[in-house]
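Working notes, structure below.
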Amino acid sequence: MARKAPRHAEAERNDYALLDATKKVLAVDGAHASVATIAARAGVGVASLYRRYRSKDELFQHLCALSLDQWIEAAERGLEHDDPWEGLVHYINASVEFSGGSLGPLAGTVAVTDDMATRFTRSDELMRELVERAHVAGVLRPDVTAMDISLLIEQLGKSPLIEQLDRQGRTDLADAARNARRRMIAIALDGLRPGHPRLPGTAPAPALLAERWEHTPADSARPPERP
């Protein structure tokens, strides 16, 4: 594999540092998070960001695309498992680990680009393949849908305890909090197995997640943030 040019490799590292920082800042500040706050947390200069991205929206669109790449990779690796259950569990755990749903506060605040739409479609196809494979193998309860899995990941990706300890700088409790989170995830995953009472209500429609990303004219009128 060809080695990346130093400048390109540094830009890629900065992008993933920004993605991680953005998720953490959005969890606290929501969609109104400032680029300055995100850049400071990622250790990246604000001026250098605006040399690469013309606006806050363009930065967020790029980070959404990177996040979708993580979902795609998690699903592809899950499908590499011979065991359908282990493959699905890998996908869920990997997605929760990189907090796949924590860019949710951006929904409706930035326009969905063609690049984002293409990656979302690919991610969705792979995830549905994982779910269908688990259903066929009889290892996933029949009333659980791909949408249920997506919503579960979004909920498990949030950890108020870890976020609070992070804000407090309580690194002494970080390992214990992560261990507790792993236990909660294991409990939730057990609920996906066959043999439980039928889930209440009706299965959520795919539009429940997709339509929240519709971009309104009021949002597009918002001026781009500058340092």
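What does the charge dipole of the range 27-180 about its Cα centre add up to, to the nearest 20 debye, if the Cβ of each Lys and Arg holds +1 and the Cβ of each Asp and Glu holds -1? Don't skip to the answer; put the middle values down first.
Numbers: 15 positive and 24 negative charges, 154 e Å.
For this selection, approximately 740 debye.
Label 7 Å along Cα→Cβ of E214; the range 107-128 residues with amide nitrogen under 16 Å?
Correct set: 107-112.
Taking 8 Å as the Cα distance limit and 6 or more residues as the minimum spacing, I'd like the relative contact order of the range 79-146 as a percentage. It would help to have the intermediate numbers written out before the result.
Values: 25 pairs, mean separation 30.4, N = 68.
This gives 45 percent for the range 79-146.
Could you give the accessible area per residue of the chain, probe 1.4 Å, as a whole number in Å²? Present the calculation step by step, with values, prior to reporting the outcome.
Details: 12970 Å² over 227 residues.
Normalised by residue count, the accessible surface of the chain is 57 Å².
Have a look at A203, L63, G191 and report the one farthest towards the positive end of the charge dipole of the chain, computed about the Cα centre with Cβ charges (Lys/Arg +1, Asp/Glu -1).
L63
For H90, tell me the accessible area in Å² from a 1.4 Å probe, rounded to the nearest 10.
Only protein atoms counted, so the area is about 60 Å².
If you take the C-alpha gyration tensor of the range 1-142, multiply each eigenvalue by 5 and take the square root, what semi-axes do you get, largest first, in whole Å? Walk me through the numbers on the way to the answer.
Details: eigenvalues 193, 59, 36 Å².
Computed over the range 1-142, the values are 31, 17, 13 Å.
Taking DSSP loops as anything outside H, G, I, E and B, show the longest stretch in the chain free of GluC sites (Glu not before Pro) there with at most 16 other beta carbons within 10 Å. Each step should come with its number before you reach the end.
On the way: sites that count: E80, E214, E225.
The segment 81-213 is the longest one with no such site.
Mind jotting down the distance between the C-alpha centroids of the range 122-141 and the range 42-90, whole Å?
21 Å
Taking 8 Å as the Cα distance limit and 6 or more residues as the minimum spacing, I'd like the relative contact order of the chain as a percentage. The partial results should precede the final answer.
Numbers: 225 pairs, mean separation 58.4, N = 227.
Computed over the chain, the figure is 26 percent.
Modelled label-to-label distance, E86 and D29, 7 Å Cα→beta-carbon offset: nm?
According to this spin-label approximation, the distance is 4.3 nm.
Out of A31, L18, S48, whose Cα points farthest toward the positive end of the dipole of the range 10-49 (charges: +1 Lys, Arg; -1 Asp, Glu; placed on Cβ)?
A31
For the chain, set up a Gaussian network in which alpha carbons nearer than 10 Å are linked by springs, and say which option among P84, P160, P200 fluctuates the most.
P200
Using a 1.4 angstrom probe with every protein chain in place, what is the largest-first accessible-area order of K56, K158, K24? Walk me through the numbers before you get to the answer.
Details: K56 15, K158 100, K24 80 Å².
Ranked from most to least accessible, the order is K158, K24, K56.
Give the carbon-plus-sulfur fraction of the accessible surface of the chain in %, rounded to a whole number; probe 1.4 Å, heavy atoms of protein chains only.
54 percent
The values are calculated or read from the model by the stated rules, or taken from the named source; none is laboratory data. The structure presented is a predicted model; accordingly, all values stated were derived computationally and were not measured. So basically every Cβ, Gly included, is an ideal-geometry build from the backbone, and we count neighbours across all protein chains shown. Ligands, DNA and RNA are stripped out before the accessible areas are found, and what is left, the full protein with its side chains, is counted by its heavy atoms. Shrake-Rupley method; radii C 1.70, N 1.55, O 1.52, S 1.80 Å.
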